[in-house]
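*Asks:* Have a look at this one before I ask anything.
The values are calculated or read from the model by the stated rules, or taken from the named source; none is laboratory data. All figures in this text were calculated on a predicted structure; none of them were measured in a lab. Here Cβ is always computed from backbone atoms with ideal geometry, including for glycine, and neighbour counts include all displayed protein chains. For the accessible areas, the whole protein counts, side chains as well, though only heavy atoms, and no ligand, DNA or RNA atoms are used. Shrake-Rupley method; radii C 1.70, N 1.55, O 1.52, S 1.80 Å.
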Amino acid sequence: MSVPDYMQCAEDHQTLLVVVQPVGIVSEENFFRIYKRICSVSQISVRDSQRVLYIRYRHHYPPENNEWGDFQTHRKVVGLITITDCFSAKDWPQTFEKFHVQKEIYGSTLYDSRLFVFGLQGEIVEQPRTDVAFYPNYEDCQTVEKRIEDFIESLFIVLESKRLDRATDKSGDKIPLLCVPFEKKDFVGLDTDSRHYKKRCQGRMRKHVGDLCLQAGMLQDSLVHYHMSVELLRSVNDFLWLGAALEGLCSASVIYHYPGGTGGKSGARRFQGSTLPAEAANRHRPGALTTNGINPDTSTEIGRAKNCLSPEDIIDKYKEAISYYSKYKNAGVIELEACIKAVRVLAIQKRSMEASEFLQNAVYINLRQLSEEEKIQRYSILSELYELIGFHRKSAFFKRVAAMQCVAPSIAEPGWRACYKLLLETLPGYSLSLDPKDFSRGTHRGWAAVQMRLLHELVYASRRMGNPALSVRHLSFLLQTMLDFLSDQEKKDVAQSLENYTSKCPGTMEPIALPGGLTLPPVPFTKLPIVRHVKLLNLPASLRPHKMKSLLGQNVSTKSPFIYSPIIAHNRGEERNKKIGYHTTVFGVFSDCLLDNLPGIKTSGSTVEVIPALPRLQISTSLPRSAHSLQPSSGDEISTNVSVQLYNGESQQLIIKLENIGMEPLEKLEVTSKVLTTKEKLYGDFLSWKLEETLAQFPLQPGKVATFTINIKVKLDFSCQENLLQDLSDDGISVSGFPLSSPFRQVVRPRVEGKPVNPPESNKAGDYSHVKTLEAVLNFKYSGGPGHTEGYYRNLSLGLHVEVEPSVFFTRVSTLPATSTRQCHLLLDVFNSTEHELTVSTRSSEALILHAGECQRMAIQVDKFNFESFPESPGEKGQFANPKQLEEERREARGLEIHSKLGICWRIPSLKRSGEASVEGLLNQLVLEHLQLAPLQWDVLVDGQPCDREAVAACQVGDPVRLEVRLTNRSPRSVGPFALTVVPFQDHQNGVHNYDLHDTVSFVGSSTFYLDAVQPSGQSACLGALLFLYTGDFFLHIRFHEDSTSKELPPSWFCLPSVHVCALEAQA
Amino acid sequence: MAVCIAVIAKENYPLYIRSTPTENELKFHYMVHTSLDVVDEKISAMGKALVDQRELYLGLLYPTEDYKLCRYGYVTNSKVKFVMVVDSSNTALRDNEIRSMFRKLHNSYTDVMCNPFYNPGDRIQSRAFDNMVTSMMIQVC
């Protein structure tokens, strides 16, 4: 006997062994279906008595073990059930023959046998047979259980008869010597008549009867027989059988004490649903003896209660039995099984220490050379038993040994899968969890060396299993959790092999489900790299959402009828609970590391508020991007900067492409601009746009583009205030004075010499310093999608950097009275500060060509302006603005008026660029006054003809010429009275004015006129007459008497036209 | 001759483990680890005894284990365990000798605990303790 049954337990001693086997070709599925049904009939209450019969079914049983059946009857195969397929009557005899052959194998010990035939129909089936049952197929066989019950009852009858037989034939006949296979040769030639021999025979037989009683459900009887047997055998030192008798005693006692069974689950199952009959049987046992009244021998018993061993005694007897067994090398299996049985009993008694001693003993029982499979089985069972007594570490140790045995080099086909499975089962024993979360609390405390070894083995086994994902996961786990325990070289090795594995199968963050139901959670590398500090950074300004303040209240009210809704609050809470982490790829393993799990960081947590999605706007412009960043004082974060270089006065269109690169439609857009403070004075609108055209393209779906045009117009001061240019007015033209010489002759003389004012070098330097910079920020506020309904928007800023190069300068401005008092000449010294040829033109005049660095004077005849007609509402403005500001505003308005009227433009033909030039900044008070239409309008009429401009009034010598001076008062106050004197003179055209004309011109009446005071918007006139005595060209200069009244008023108000009279010879 | 000396924390993880460098260190890890089953069992059995009567020395843990190595256990009142693996092949150590070795170990461990810079539960890295263990591993042979 060499094949141990590691599943044995004490209560197996009371079972009858029945072998169920297929004959011929029966599919495994069908066989086990029937086998299962047969197994369900595992205990039977025998009809006439209260006894219970237990059956142990095996579908495989080595016949050599059967030979030990006399030694322990539960090892004896007493029943055989064969299952066969047979589809035709022709095959029947052959099948039946096979059944008989099968019977032969266990033939010597069989009490009875059955054949279950499936598939056969017809005549044969009709004949009733006790040993054969026919079923048409595997589905239609309801009577299987019933058949088995009958079969067991027939077994019982045989058993009972044998028991009675053996129990009664005591004195008369010679008792045969029962023996185990290896003893047979030892007894050859022994004296069979000796007392010693007889006692031995008796003892062994007693023991045998005890076994039979136990099997037959007569526990008390068996105890008595065992006791007697022990006494008999002890006296003859028949140790092997003494051991068996002691073990029988133990088994019976165990069955008595532990009706729940000691075999763990399988044992419990045996009693499932039938604990009641078992207990009932127990209850009736005391009376069993008398009711049966079979065995007079048992009357010599020493009291029943004493027959049964106490729990402590059971162990002692087991120890004793095992020590006897150990004397026989051939009884190794018996000894091993006895140890296992004892361990199971001790496990129930919770006496782990003693159990471990039994197990220790079992470990050292050397059976014959075991096959690899048997070794695995042996170690697994040892592991299970250690687990059973609560020695988890020892259990894990043996499980690991079993796992290693699965892949021992001597095995042709290593079972990596089984090895891996067993290794996984050892994890609890080494208190190793595969969840990295369990390692996040401080330094790891455990058996690092042992655990690392196990992890290495897991990695290796999973790799050999052909599951790289698994090995990557285990290896990452090893690296993450055991990092502190790895030496530098080991770290290197682990990292190296991890990289090798991940090159084929990258590590993921997916949990890996194992077939056994275990799930390997992902292993984020929170220790590689080490995170020391975490800080939340805000989104880039262009992506940051802003809350529309006004929308908040609105939003809540639209969503819910309640002012405060707990549901909304709850939702917010959920959003807040989302964890924050970061993503890494280390050695080919992708990790999502949550900040909460980081060992080195103690944050109280960071809160990220997540709002509904908003669209994303991307801006591209027609202008090049610039590296310039705006002044630091700008405050806003600018996502893009564009720059452009313009000449002063030039304008350019900036085309902006708005692309929605988000996932939500862009519904709203607001554009605002902010010009950064500059000391430059800026005239006109720097930036202007029409948003309507763009908004017409809205809502902008994702991926769509809209265009938006902005006009950039730079108009800085064209004067050159502080600088540099020498005064061109070296010809002595006075701005303020009265025109002393005839203005029409003074018409602009182009300064042809056009010399560069400054030496070239300094000129250039000057140019650079003149480049001025304007900066502005365009803000695009946009929103859309769900974020819009929640009241959020985004703000995208575009920085605009404009470098303004000087185009033309007005180095000097002055006025000259025109011939008409209603007009005047504006004299502008224009300087071309560019390096290109430049033309300057006005609305009315021809283009003036200026070379680079050239300065020329241009005169523009302009109608004087009636500034007083500008709408003024001092009542409104005056309250808020001080007079100075008011004055400033007025001046600006005037400047604009003048500018629009003049329409001065420059053009650089070579660059094809053009722009405006504005005089707004350089008009001083004096010039303005000159350009202003005086509120007193003077008209001089000669002979009733208005005399103005260069018109020459003609008259005849000798005739008196009527001269009328009219005054229209447009000023808001009354003026006058005035006194005027008319002074005639002759211009000799050489700078000499001849005022001595008393002989030539005579006044009719007084040469002095008087004007009365004129009320506002009133009119007044004074009349006089002149008499020219000689022909000639005369000029009349009307001069005011300087008195107090006239001094109050500005001199330009008294600008009277000169009168040119040509006296002709009287016509004949 | 002690071939392996280990100090095990109350929670059954090693605070200190040292074995003769000539042999496979992992083997001793396994050996000490599995011994803890018995230590636990002995302690739980002892739990009922009165504190002042309690014997700290646990005696032989696994008597007839392979390698002819015997493991002895010792537990302090704070449930810190000492496990010693002794090579019994050349010298038969008496129980008293083992006891005195454990007592020395306990004293040295107490000194470690008295160090204000030592955090209970951390691995023992004391040089004095190390030297003492070394002396015990050499001493008897």
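*Asks:* Please identify every one of the trypsin sites (Lys or Arg not before Pro) in region A:141-241 that sits in a loop by DSSP and has no more than 12 other beta carbons within 10 Å of its own beta carbon.
*Replies:* Those that pass, being in a loop and sparsely packed, are A:Lys174.
*Asks:* What does the extension gain come out to for A:Glu1065 and A:Met548, with contour length at 0.36 nm per residue minus their alpha carbon separation?
*Replies:* Numbers: separation 517, 0.36 × 517 = 186.12 nm, distance 9.00 nm.
Length gained, A:Glu1065 through A:Met548: 177.1 nm.
*Asks:* Could you size up the charge dipole of region A:118-268 around its Cα centre, putting +1 on the beta carbon of Lys and Arg and -1 on that of Asp and Glu, and report it in debye to the nearest 20? Write down the numbers at each step before the final one.
*Replies:* Numbers: 19 positive and 22 negative charges, 204 e Å.
Rounded to the nearest 20 debye, it is 980 debye.
*Asks:* Heads up, I need the accessible area for B:Val3: 1.4 angstrom probe, whole protein in place, Å², nearest 10.
*Replies:* 0
*Asks:* Quick one: compute a quarter of the convex hull surface over the Cα atoms of region A:379-458 and quote it in nm².
*Replies:* Averaging across all directions leaves 5.7 nm² for the Cα convex hull.
*Asks:* Per 0.36 nm of contour for each residue apart, how much would the distance between A:Glu887 and A:Glu28 grow if the chain were fully extended, relative to their Cα-Cα spacing? Numbers along the way, then the final one.
*Replies:* Details: separation 859, 0.36 × 859 = 309.24 nm, distance 11.35 nm.
Between A:Glu887 and A:Glu28, full extension yields an extra 297.9 nm.
*Asks:* Quick check: residue separation of A:Thr1031 and A:Glu372 times 0.36 nm, minus the Cα distance between them. What number comes out in nm?
*Replies:* Net length gain for the segment: 221.8 nm.
*Asks:* Report the Rg/Rh value for region A:333-476, based on alpha-carbon coordinates and the Kirkwood definition of Rh.
*Replies:* Using only Cα positions, Rg/Rh for region A:333-476 is 1.03.
*Asks:* Would you mind computing, in nm to one decimal, how far apart the modelled labels at A:Lys185 and A:Gln1019 are, each placed 7 Å from Cα along Cα→Cβ?
*Replies:* Computed distance between label sites A:Lys185 and A:Gln1019 equals 16.7 nm.
*Asks:* Just grab the label-to-label distance for A:Val771 and A:Asp959, each label 7 Å out from Cα along the Cβ direction, in nm (one decimal).
*Replies:* Using points 7 Å along Cα→Cβ, the separation is 7.1 nm.
*Asks:* Quote the accessible area belonging to B:Val112 in square angstrom, nearest 10, computed with a 1.4 Å probe and with ligands, DNA and RNA left uncounted.
*Replies:* It works out to around 10 Å².
*Asks:* For the pair A:Ser161/A:Ala408, report the inter-label distance in nm, with labels modelled 7 Å from Cα in the Cβ direction.
*Replies:* About 4.8 nm, to one decimal.
*Asks:* Here is a follow-up. My understanding is that a pair violates if its Cα-Cα distance is over 24 Å; which of A:Lys547/A:Lys713; A:Lys674/A:Lys713; A:Lys174/A:Lys329; A:Lys76/A:Lys399; A:Lys690/A:Lys772 do that in this structure? Could you put the intermediate results ahead of the total?
*Replies:* Working: A:Lys547/A:Lys713 34 Å; A:Lys674/A:Lys713 15 Å; A:Lys174/A:Lys329 30 Å; A:Lys76/A:Lys399 32 Å; A:Lys690/A:Lys772 27 Å.
Exceeds cut-off: A:Lys547/A:Lys713; A:Lys174/A:Lys329; A:Lys76/A:Lys399; A:Lys690/A:Lys772.
*Asks:* If every alpha-carbon in region A:479-539 counts as one equal scatterer, what log10 I(q)/I(0) does Debye give at q = 0.14 1/Å?
*Replies:* Reported log10 I(q)/I(0), two decimals: -0.60.
*Asks:* Something else about it: Suppose accessible area is computed on protein heavy atoms with a 1.4 Å probe; arrange A:Trp906, A:Trp689 from highest to lowest.
*Replies:* Of A:Trp906, A:Trp689, the descending order of accessible area is A:Trp689, A:Trp906.
*Asks:* Continuing with the same structure: At a Förster radius of 45 Å, what calculated FRET efficiency corresponds to the Cβ-Cβ distance of A:Gln360 and A:Thr585, to the nearest 0.05? Don't skip to the answer; put the middle values down first.
*Replies:* On the way: r = 51 Å, r/R0 = 1.13.
The pair A:Gln360/A:Thr585 has a calculated efficiency of 0.35.
*Asks:* Give the long-range amide H neighbours of A:Ile83: residues separated by 5 or more places, or on another chain, with amide H under 5 Å away, using H modelled in the peptide plane at 1.01 Å from N.
*Replies:* Those lying under 5 Å, H to H, from A:Ile83 are A:Gln21, A:Val23, A:Phe116.
*Asks:* Taking the Cα atoms of region A:39-129, what is the range of coordinates along each of the three principal axes, in descending order and whole Å?
*Replies:* So the three principal-axis extents are 43, 34, 19 Å.
*Asks:* Could you tell me the accessible area of A:His1060 in Å² (1.4 Å probe, neighbours in place), rounded to the nearest ten?
*Replies:* Number for this one is 40 Å².
*Asks:* Counting other C-beta atoms within 10 Å, and keeping those with at most 12, which DSSP coil GluC sites (Glu not before Pro) do you find in region B:1-30?
*Replies:* B:Glu11
*Asks:* Something else now. Over all distinct Cα pairs, what is the inverse of the mean 1/r for region A:400-550, reported as the Kirkwood hydrodynamic radius in Å?
*Replies:* 17.4
*Asks:* Continuing with the same structure: For A:Glu664, A:Glu425, write out the residues from largest to smallest accessible area, computed with a 1.4 angstrom probe and no ligands counted.
*Replies:* A:Glu425, A:Glu664
*Asks:* Next question, about the same structure. At R0 = 25 Å, how high is the FRET efficiency between A:Ala541 and A:Ala495 if r is their beta carbon distance? Nearest 0.05 is fine.
*Replies:* Calculated value: 0.05.
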